[in-house]
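The values are calculated or read from the model by the stated rules, or taken from the named source; none is laboratory data. Since the structure is predicted, the reported quantities are computational estimates derived from the model, not experimental observations. Cβ: placed from backbone, ideal geometry, glycine included. Neighbour counts: every protein chain shown.
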């Protein structure tokens, strides 16, 4: 492997969601301790496991699960970045996959309460709009979130095709078919996504160059500290 092809360092999948969960869990534990002063520490030890902030831990699990599928594809034809901060915001991109044909912007959500489905809402008085549901839960905002991330990534790599994908982990996907498009975003499950990414092994995109461009534009949401304590996203000399 040449120095030029060394991929940029990627943050661990789900790191921000995991950190948020741990922070909220610690605050909950502190409140619990305060309520049992002066026996707070003993009360925490003797109490049954308390439910943590469910959305945060679900987000971490979903991103870690999908990250493992994507990491297995990493090669000279596929580069993967996780937990990338969008500068000037508190938002992050869960996963970026760079292939020979373009860039995938990917988010993951864990839902086990129903089957993902596309509906059309609107009519005579209102424009017809696509909406995504899992069971009775309207998840369209997640689709719009991916579209916004796609716009940010496209601005960073003009001329490169950028595709959005939203994976629902543990949803009630059918045995045959089931994936669909909504508002220009692929709605699917991890293995289906991995196959789609893996098929893009032939094309004209310089995976190394594009992945470094993205790594500089969207650094890890949680800083990576290499040996020596210096964080650097500079590309190695050719």
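Residue 69: modelled with pLDDT under 95 and closer than 17 Å to residue 194 by Cβ, yes or no?
Yes, satisfied.
If I ask for residues that are within 30 Å of residue 218 (Cβ to Cβ) and without any contact (Cβ under 8 Å) to a residue 40 or more places away in the chain, which ones from segment 106-129 would you list?
Of everything in segment 106-129, just one residue is within 30 Å of residue 218 (Cβ to Cβ) and without any contact (Cβ under 8 Å) to a residue 40 or more places away in the chain, namely 129.
Return the total of residues in segment 165-195 being in contact with a helix residue (DSSP H, G or I) (Cβ under 6 Å, 6 or more places away or on another chain) and over 18 Å from residue 65 (Cα atoms). Step through it out loud before you land on a result.
Pass one, segment 165-195, residues in contact with a helix residue (DSSP H, G or I) (Cβ under 6 Å, 6 or more places away or on another chain): 165-167, 169, 179, 182-183, 185, 190, 194.
In the following step, the residues that additionally are over 18 Å from residue 65 (Cα atoms) were identified as 179, 182-183, 185.
Residues flagged as in contact with a helix residue (DSSP H, G or I) (Cβ under 6 Å, 6 or more places away or on another chain) and over 18 Å from residue 65 (Cα atoms) within segment 165-195 amount to 4.
Of everything in segment 206-218, what is surrounded by fewer than 21 Cβ atoms within 10 Å (Cβ to Cβ) and outside any helix (DSSP H, G or I)? Give them in sequence order.
206, the sole residue that qualifies.
Looking at this structure, is residue 145 surrounded by 14 or more Cβ atoms within 10 Å (Cβ to Cβ) and either in contact with a strand residue (DSSP E or B) (Cβ under 6 Å, 6 or more places away or on another chain) or over 20 Å from residue 61 (Cα atoms) (or both)?
So residue 145 fails the test.
Could you grab me the full set of residues in segment 184-201 that are at negative phi, in a loop (DSSP other than H, G, I, E, B) and without any contact (Cβ under 8 Å) to a residue 40 or more places away in the chain?
Of everything in segment 184-201, those that are at negative phi, in a loop (DSSP other than H, G, I, E, B) and without any contact (Cβ under 8 Å) to a residue 40 or more places away in the chain turn out to be 189, 199.
Does segment 74-92 hold any residues that are surrounded by 23 or more Cβ atoms within 10 Å (Cβ to Cβ) and either at pLDDT below 95 or closer than 17 Å to residue 166 by Cα (or both), and which are they?
Residues satisfying the conditions are 80, 81, 82, 83, 84.
Among the residues of segment 151-170, are any modelled with pLDDT of 95 or more, surrounded by fewer than 17 Cβ atoms within 10 Å (Cβ to Cβ), within 16 Å of the chain's Cα centre (by Cα) and within 24 Å of residue 211 (Cα to Cα)?
The answer is yes; a qualifying residue exists.
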